[in-house]
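The values are calculated or read from the model by the stated rules, or taken from the named source; none is laboratory data. Model, not experiment: these values are computed from the prediction. FYI the Cβ positions are ideal-geometry reconstructions off the backbone, even for glycines, and counts take in every protein chain you see. Areas reflect the complete protein model, heavy atoms only, side chains present, ligands, DNA and RNA absent. Shrake-Rupley method; radii C 1.70, N 1.55, O 1.52, S 1.80 Å.
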Amino acid sequence: MTHFGDIVAKRDNLTIIYCQLCHFRHLNPIPDTKPLYSGGVYHSQIKPSMREDYNEDIKWWAEVHSDWLAMTIPHMPNQSLLDVGSGTGRFLDSAYYAGLLPTGIEPDYDMGNHRQDVLWAEYKDINNNHWGCISAHWVLEHLPDPIHFLDWAKQRLATNGILLVTIPNDFTNTQMRAMMAVNKPWYWIHHTHVNYWPAESFPSFLECHGFKVLSAYGSWQPEQHLLDGKNYLNDHNLGRKLHHERVAFDLEVSAEYRRSKYLLFGHNGMGRDVTFAAIKQ
């Protein structure tokens, strides 16, 4: 299958098209990303501090996860949850404490092998078809064929099962203005991110492949920092400082306030990342 479409962005040796076959933006040519994950390169070289960063923010992540689960659990037909790309396994912990029966999949042996509830495997290796929820946080942007993943998930969800996915929110108006402010064209393009969606178009993408969005949970927009003159893109220490300020705010407010705020963000396609709960049609 030959992918084709207008070029929408270029940076370094990376080219993004709006594909007329897929109907979303992706790298062209589409790279083979399997060695990055099954070979452990992603966690050892690209994101070596991932576990440390999660542990540092463990209380905050528990609250974020509880927000995601609050918009998911009432719609699940049963308590079984399969988390694809489990990484550190923190979301599995949150699901367990929320009363679910979670199982994880992680293609990176070193990440997956440290927990009994995580299978060292790829999602294609799982053939059960009874899951009440399949979750995949920051996974779809990395897959060479996200449409195949959606078809696979639909076949393995129980009747009225829920798909819970988080994606980076890219090519937004805020992002475009921030890009101009710091004079760094297409700064969010990365060779590990094959696919790019703005949150406002993602529900249509899911609907085309058998899912109806029930709710969307947004997040803080760090692009606002760039518009305010705080350029964290090449300053890791500043980036962590600004992140800690965001974490402190989310922990200070009530869960009710935080959830209503970020659900409103999600409804309006706002946030650096947006989490969608969608029901199998």
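Could you tell me whether residue 62 is within 26 Å of residue 220 (Cα to Cα), among the aliphatic types (A, V, I, L, M) and either part of a strand (DSSP E or B) or open to solvent by 50 Å² or more (accessible area, probe 1.4 Å) (or both)? Against the criterion (within 26 Å of residue 220 (Cα to Cα), among the aliphatic types (A, V, I, L, M) and either part of a strand (DSSP E or B) or open to solvent by 50 Å² or more (accessible area, probe 1.4 Å) (or both)), residue 62 does not qualify.
Residue under question is residue 29, and the condition is that it be open to solvent by 60 Å² or more (accessible area, probe 1.4 Å) and either at pLDDT 95 or above or assigned to a loop (DSSP other than H, G, I, E, B) (or both); does it hold? The answer is yes for residue 29. The numbered conditions (1) part of a helix (DSSP H, G or I); (2) open to solvent by 40 Å² or more (accessible area, probe 1.4 Å); (3) modelled with pLDDT of 95 or more are all true for residue 240 except (3).
Taken over the range 75-128, the criterion of being open to solvent by 40 Å² or more (accessible area, probe 1.4 Å), touching a residue at least 60 places away in the same chain (Cβ under 8 Å) and touching a strand residue (DSSP E or B) at 6+ places or on another chain (Cβ under 6 Å) is satisfied by 75, 77, 78, 109.
Has the range 225-241 got any residue that is under 21 Å from residue 139 (Cβ atoms) and among the aromatic types (Phe, Trp, Tyr)? No - not one qualifying residue is present in the range 225-241. When 199, 216, 277, 178 are screened for being small (Gly, Ala, Ser), assigned to a loop (DSSP other than H, G, I, E, B) and open to solvent by less than 40 Å² (accessible area, probe 1.4 Å), only 199 passes. In the range 243-272, of all residues being part of a helix (DSSP H, G or I) and hydroxyl-bearing (Ser, Thr, Tyr), the one that is most open to solvent (accessible area, probe 1.4 Å) corresponds to 257. Considered as a group, the residues in the range 203-232 that are of a type in the set (A, V, I, L, M, F, W, C) and more than 26 Å from residue 12 (Cβ to Cβ) include one that is modelled with the lowest pLDDT, and that residue is 220. Checking the stated criteria, residue 48 turns out to be under 21 Å from residue 90 (Cα atoms) and at pLDDT below 95. Restricting the first member to the range 33-50 and to residues that are touching a residue at least 60 places away in the same chain (Cβ under 8 Å), and the second to residues that are among the small types (Gly, Ala, Ser), the beta-carbon pairs closer than 9 Å and six or more apart or on different chains are 37/85; 43/87.
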